[in-house]
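The values are calculated or read from the model by the stated rules, or taken from the named source; none is laboratory data. Fair warning: this is a prediction, and the values are worked out from it, not measured in the lab. Neighbour counts are summed over all protein chains in view; Cβ atoms, including those assigned to glycine, are modelled from backbone coordinates with ideal geometry. Note: areas computed on protein heavy atoms with side chains; ligands, DNA, RNA excluded. Shrake-Rupley method; radii C 1.70, N 1.55, O 1.52, S 1.80 Å.
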Amino acid sequence: MRTLVVVDAANVVGSVPDGWWRDRHGAAERLRDRLQVYAEEGLPGHPGPLAVVLVVEGAARGVVPVPGVRVESAPGSGDDRIVEVVAEETGKGAAVLVVTADRELRRRVEAYGAQCAGPRTVRPQRAEEERT
């Protein structure tokens, strides 16, 4: 069974001060597009292919999915939707990795057996982005 990677879009996008606040929707789309590579190739300790879910909220709602990346638009709190996805999937026996730096969210999803990783797992820091 493939690992399901659930990405907290707001937390990951907000982890680097690159002007994301001027266009939250566009920033979520750029993150979604970068996640396609991880869906195919995997992440450290999680070989590909991976199932990837990007959870968006607020101004980023409406971001559309792309091959390899399912997008969940949270009707309210993105954290609550992430917990729902994790509960559903771990209930089916799936291995889940949640990408967020939010301590409270980590605590909530770990209670369902999910692993957690920080934003750098899927988002290089600004200096690294400029080199590529």
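Structural remarks
- Qualifying positions in region 75-99 - hydrophobic (A, V, I, L, M, F, W, C) and closer than 21 Å to TYR38 by Cβ: ILE82, VAL85, VAL86, ALA94, ALA95, VAL96, LEU97, VAL98, VAL99
- Test: residue in region 82-90 that is more than 23 Å from ARG2 (Cα to Cα) and open to solvent by less than 30 Å² (accessible area, probe 1.4 Å): no
- Residue tally, condition assigned to a loop (DSSP other than H, G, I, E, B), open to solvent by 70 Å² or more (accessible area, probe 1.4 Å) and at pLDDT below 95, over region 93-132: 1
- Evaluation of VAL64 against (1) closer than 20 Å to VAL13 by Cα; (2) in a helix (DSSP H, G or I); (3) open to solvent by 40 Å² or more (accessible area, probe 1.4 Å) (one fails), failing number: (2)
- Here VAL55 fulfils each of the conditions (1) open to solvent by 30 Å² or more (accessible area, probe 1.4 Å); (2) not in a helix (DSSP H, G or I) apart from (1).
- Options ARG32, ARG22: the member that is without any contact (Cβ under 8 Å) to a residue 24 or more places away in the chain and of a type in the set (D, E, K, R): ARG22
- Note on region 38-51: residues that are closer than 11 Å to VAL122 by Cα and open to solvent by less than 70 Å² (accessible area, probe 1.4 Å) total 4.
- Residue match in region 4-26 (condition: of a type in the set (Val, Ile, Thr) and open to solvent by 70 Å² or more (accessible area, probe 1.4 Å)): no
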